[in-house]
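S.K.: Let me begin by handing over the structure; questions about it come next.
The values are calculated or read from the model by the stated rules, or taken from the named source; none is laboratory data. Just so you know, these numbers come straight off a predicted model, no measurement behind them. All Cβ positions, even for glycine, are placed from backbone atoms using ideal geometry, and neighbour counts span all protein chains on display. Ligands, DNA and RNA are stripped out before the accessible areas are found, and what is left, the full protein with its side chains, is counted by its heavy atoms. Shrake-Rupley method; radii C 1.70, N 1.55, O 1.52, S 1.80 Å.
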Amino acid sequence: MKFSDVLARTTALVGASLLGSAALAADAQLWGAIKGPDGARMGGVTVSAKAQGSTITTTVFTDENGDYFFPPMTTGKYEVWAQAIKFETARASVDLSANRAQDFAMKSFADWYVQLPGDEMLNALPAGTNDEKRLKNIVRKNCTGCHTASYPLQHRFDEAGWFAVLNLMKRVNVLGTYVPDREINGTIETHQRELAQYLAKARGPGETSMKFNLRPRPSGETARVVFREYDVPVGEDEGLPYKYLPHNGSDWMLGTPSGMNGANGVHDAELDLDGHIWWTQAHPTHTETVARTDAKTGETKVFTMKEPNGYASNSHGIIRDPQGYLWFNSRPSANRGLRQGLVKIDPKTLTLTKYVPPEGMSYTAGSLDWDGKGQIWVTSPDGALRFDPVSEKFREFKSVAYKNELGLDPVYGVAADRDGNGWWAGMRYDKINKGDIGSGKTTEIKLPPDAKELQWLTSDEKNFYATFAPPDFNTPVPWAQGPRRMGTDKKDDVLWVANSFGGNYARIDTKTSEVKLIEMPNPEVQQPYHVVVDNAKAAWTNLWSTDQIAKYDPVAARWTLYDLPTRGTETRYIGLLEKPGQPLQVVIPYSRLRKIAIMSPRSESDLAQLKSSAR
């Protein structure tokens, strides 16, 4: 069944007149040096600049000599600020009417704990005894399912306070919403008292048991990148007195934002072939289904697919196929009786066309990918669907064990290989399914348990977990791997799976189904969410529990981690745009902050040219 959803409403949420006139002006260069309180140069400092009236923030990092160099920017008045953990945010107003140098002298910051990203907070939790290791693992796997660890741990509570926080958390759903009659998180319920005691010693009113060993600031390759972050307007029907978030994580001294007050909704984001950003709205709204943000001006246009009840269909996953079309899954916002479908976007004509699976077939769910045969794969609640854009027909594949004696195993991530087969994850029970297009059958791979966590279990815990039925995929058992979203190398027979609770990649041979686990550099605190593979075979991921992304080079067996400029990003997707003769662009949506970032690398020769120009 096919019908076209011609654009029901296109709303320009951001006036571009000021930005448009600025774009006609000549570019200018901004650079400077950063010194600490002792006068020494500081490398790896985050330096950001935002033109007055703009929705775009550009960020660079200082090099080993403490110097920073922005790419050429349009002339005008800018707010510029420099940040590093343990130091106050340094600010300046700059009139960039011509090339300009702006130096900063950093001052020490006493309450620097609020500046920390999630991995630093988790890393500092005590793990000196077996009990502490066991409880730290429970915190990591059960208290970061819908927010980063820096959000609660930036605060201090006594034992009664942490007990009350846990009382709320054990009834929070996967969207981070408190539901009074929701099935209780049995893990938190069982360990609530000892968790409250553990957290009160770490982040209570008295002396802390946490031990901080901060990772180094960016250097070398990771300090040469450039970020462009785009502010996304809050939804029209939020009824808020502001158009853009007043606290969006750009000032680390304010801590990690809550993700409330209109901040959420941006889930996935992808670039079209012209470099413009298309993003999905994952929360109920009357106005937003998907949106397009202009990469040059920052102007955002909203596309609304109306439902009979007045709500807009919302969305979740989005991909770009090799022809340049974008695809997302349409989801009913409030009326769950409506059939969910697959939607194609033509970015040239701004036309949306929706395809709905026929009656008797499962509807579409949340994640998508394209295979080497030109077909589109999308998850369903109990498996995956393969859609042929030419014949406009769906083909259905079911999970091997969608139901078991403990409950359902709903599907989340999906990927497709170069041979046309589909792969999808059952996150609750650590299973990967393969839909074979030749036989039409589905096979299943069970991931090995997180073995290092099994050794800390007590006998009582072993008895409890023997019959434990997780209420959802965000309430895992201690040894869970938690396969979320994944990606294939379209030029090789390799599937990469982001195991968010295990802190590793699962590398699966798509021919033999052989599984190899590759740990993150610090698997106890780094939780990958989604994997995408570039043309050089590097597997990129977003570390959703902290403000970093990572790249794994399988040839050199080397990880590279890049710091994001914002606190509380909680990214759930990562996308790539590679075009001949142009720098790689990595797109990272900030799901709780109404912001989207694009990162591009710079070579040593790029920096050398900027330095020469500055001199």
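S.K.: For the range 557-584, give me each residue that is of a type in the set (S, T, N, Q) and either touching an Asp or Glu at 6+ places or on another chain (Cβ under 6 Å) or without any contact (Cβ under 8 Å) to a residue 12 or more places away in the chain (or both).
M.R.: Answer for the range 557-584, where residues must be of a type in the set (S, T, N, Q) and either touching an Asp or Glu at 6+ places or on another chain (Cβ under 6 Å) or without any contact (Cβ under 8 Å) to a residue 12 or more places away in the chain (or both): Thr569, Gln582.
S.K.: In the range 377-427, what count of residues is obtained for those that are touching an Asp or Glu at 6+ places or on another chain (Cβ under 6 Å), open to solvent by 40 Å² or more (accessible area, probe 1.4 Å) and closer than 18 Å to Gln481 by Cβ?
M.R.: 1
S.K.: Then there's this: Among the residues of the range 282-330, write down those that are of a type outside the set (A, V, I, L, M), open to solvent by 10 Å² or more (accessible area, probe 1.4 Å) and within 20 Å of the chain's Cα centre (by Cα).
M.R.: Of everything in the range 282-330, those that are of a type outside the set (A, V, I, L, M), open to solvent by 10 Å² or more (accessible area, probe 1.4 Å) and within 20 Å of the chain's Cα centre (by Cα) turn out to be His283, Pro284, Arg292, His316, Arg320.
S.K.: All but one of (1) part of a strand (DSSP E or B); (2) closer than 25 Å to Asp492 by Cβ; (3) not hydroxyl-bearing (Ser, Thr, Tyr) hold for Glu396; state the number of the condition that does not hold.
M.R.: (2)
S.K.: Counting just the residues of the range 443-475 that are touching a Ser or Thr at 6+ places or on another chain (Cβ under 7 Å) and open to solvent by less than 30 Å² (accessible area, probe 1.4 Å), which one comes out farthest from Thr129 (Cα to Cα)? Don't jump to the end; show me each part of the working.
M.R.: At the first step, the residues of the range 443-475 found to be touching a Ser or Thr at 6+ places or on another chain (Cβ under 7 Å) are 445, 464, 475.
Filter once more, keeping what is open to solvent by less than 30 Å² (accessible area, probe 1.4 Å): 445, 475.
Details: Ile445: 34, Thr475: 24 Å.
So the residue we want is Ile445.
S.K.: Hey, another quick one. Could we say that Leu517 is surrounded by 22 or more Cβ atoms within 10 Å (Cβ to Cβ) and touching a residue at least 40 places away in the same chain (Cβ under 8 Å) here?
M.R.: When the stated conditions are applied, Leu517 does not pass them.
S.K.: If only one of Glu183, Glu189 is in contact (Cβ under 8 Å) with a residue 24 or more places away in the chain and open to solvent by 10 Å² or more (accessible area, probe 1.4 Å), which one is it? Show your work before the answer.
M.R.: Details: Glu189 fails: in contact (Cβ under 8 Å) with a residue 24 or more places away in the chain.
After ruling out the rest, the residue left standing is Glu183.
S.K.: Looking at (1) open to solvent by 50 Å² or more (accessible area, probe 1.4 Å); (2) closer than 30 Å to Gly39 by Cα, which is the only condition Tyr151 fails?
M.R.: (2)
S.K.: I would also like to ask the following. Take the residues in the range 405-433 that are of a type outside the set (D, E, K, R) and in a loop (DSSP other than H, G, I, E, B), then tell me which one is nearest to Thr467 (Cα to Cα).
M.R.: Leu406
S.K.: Which residue, of Pro470, Pro478, is in contact with a Pro (Cβ under 7 Å, 6 or more places away or on another chain) and in contact (Cβ under 8 Å) with a residue 60 or more places away in the chain?
M.R.: Just one listed residue meets the conditions, Pro470.
S.K.: Which of the residues that make up the range 509-522 are over 24 Å from Cys143 (Cβ atoms) and out of contact with any Ser or Thr (no Cβ under 9 Å at 6 or more places or on another chain)? First the steps, then the outcome.
M.R.: The first filter runs over the range 509-522 and keeps only residues over 24 Å from Cys143 (Cβ atoms), leaving 509-516, 518.
Scanning the range 509-522 gives Asp509, Lys511, Thr512, Glu514, Val515, Lys516, Ile518.
S.K.: Here's another thing I want to ask about it. Got at least one residue in the range 549-556 being in a strand (DSSP E or B), of a type in the set (A, V, I, L, M, F, W, C), in contact (Cβ under 8 Å) with a residue 40 or more places away in the chain and closer than 30 Å to Leu240 by Cβ?
M.R.: Yes, there is a match, as at least one residue in the range 549-556 is in a strand (DSSP E or B), of a type in the set (A, V, I, L, M, F, W, C), in contact (Cβ under 8 Å) with a residue 40 or more places away in the chain and closer than 30 Å to Leu240 by Cβ.
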